[in-house]
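Asker: The structure follows.
Each value in this text was obtained by applying a stated rule to the coordinates, not by laboratory testing. Small disclaimer: the values here were computed from a predicted structure and weren't measured. With ideal geometry, Cβ positions are generated from the backbone for all residues, glycine too; neighbour counts draw on all protein chains shown.
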Amino acid sequence: MPRSVANKLRQPRRRSAEMKKITLRFLLVLAAVSFNSGPSIAAETCQQIVANDLRKCGTQPAGLLRPVSELNGCFEVKIKAASPWNATGVRLERGRRYEFKVLPDKVGEDPMWYDASLDATPEGWTEESHKEMNSGSWFVRWYVAATDWLGYRRVTSQDWFYLMGMVAEVGDQLIPIGNGTTDTIQRSGEFCAFANDLPWTYRNNKGSLMLRVQELGK
Ligand SMILES: [Ca+2]
């Protein structure tokens, strides 16, 4: 057989081998993507929403609230320290489980917010802030102790400035979030979140935290 004819007969075999390699590479990539899928990939599709700073939690008619399923099962919302409600307009459903997670700040550092001049993390005043208050003037120490004793802090079982979630409609369900938690919703309603502060001292708060809420299922 002439060499040129033999070469032509070999070419389809080469092409077939190349096609097999390409198919194998494609399947390996597909397998890697499938292996990595789940909450982390779903989290990248979270929708950004803007909370209402002024409206009280649970005052929007239930029919106007958006279910999390309309937001790809996940949303991110800025929780401002100076807002007593941060009403999201998003409805969390009874019996469903959700993950709440505070994200790092824009430069990847631990997130912080501020009660006037006091530093706080999502889990409340820092140790230095507690020391500063304990070594302050007699009036400041008396004021903090008195409001504590009278139970004026919005959630007395949690530290000052602890990040709290709330689901409100028929009744209120409080969710201590801090840096992050998972919880099952007892009664459907609007999701809101706030820094745990005295009801009348939100005006001197500064900063915000970015919170991600993801539906995990039943
Ligand atoms: Ca304050």
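Asker: Please rank K78, K106, fewest neighbouring Cβ atoms within 10 Å first, as an exposure proxy.
Answerer: If I rank by nearby Cβ atoms, fewest first, I get K106, K78.
Asker: Which semi-axis lengths, in whole Å and largest first, follow from the square roots of five times the eigenvalues of the Cα gyration tensor of segment 39-217?
Answerer: 29, 18, 13
Asker: Would you mind computing, in nm to one decimal, how far apart the modelled labels at D105 and T59 are, each placed 7 Å from Cα along Cα→Cβ?
Answerer: 3.1
Asker: Using the number of other C-beta atoms within 10 angstrom as an exposure proxy, rank R55, R91 with the fewest first.
Answerer: Going from least to most buried by this count: R55, R91.
Asker: Counting other C-beta atoms within 10 Å, which of D119, D110 has the fewest, and how do the rest follow?
Answerer: The order, fewest Cβ neighbours first, is D110, D119.
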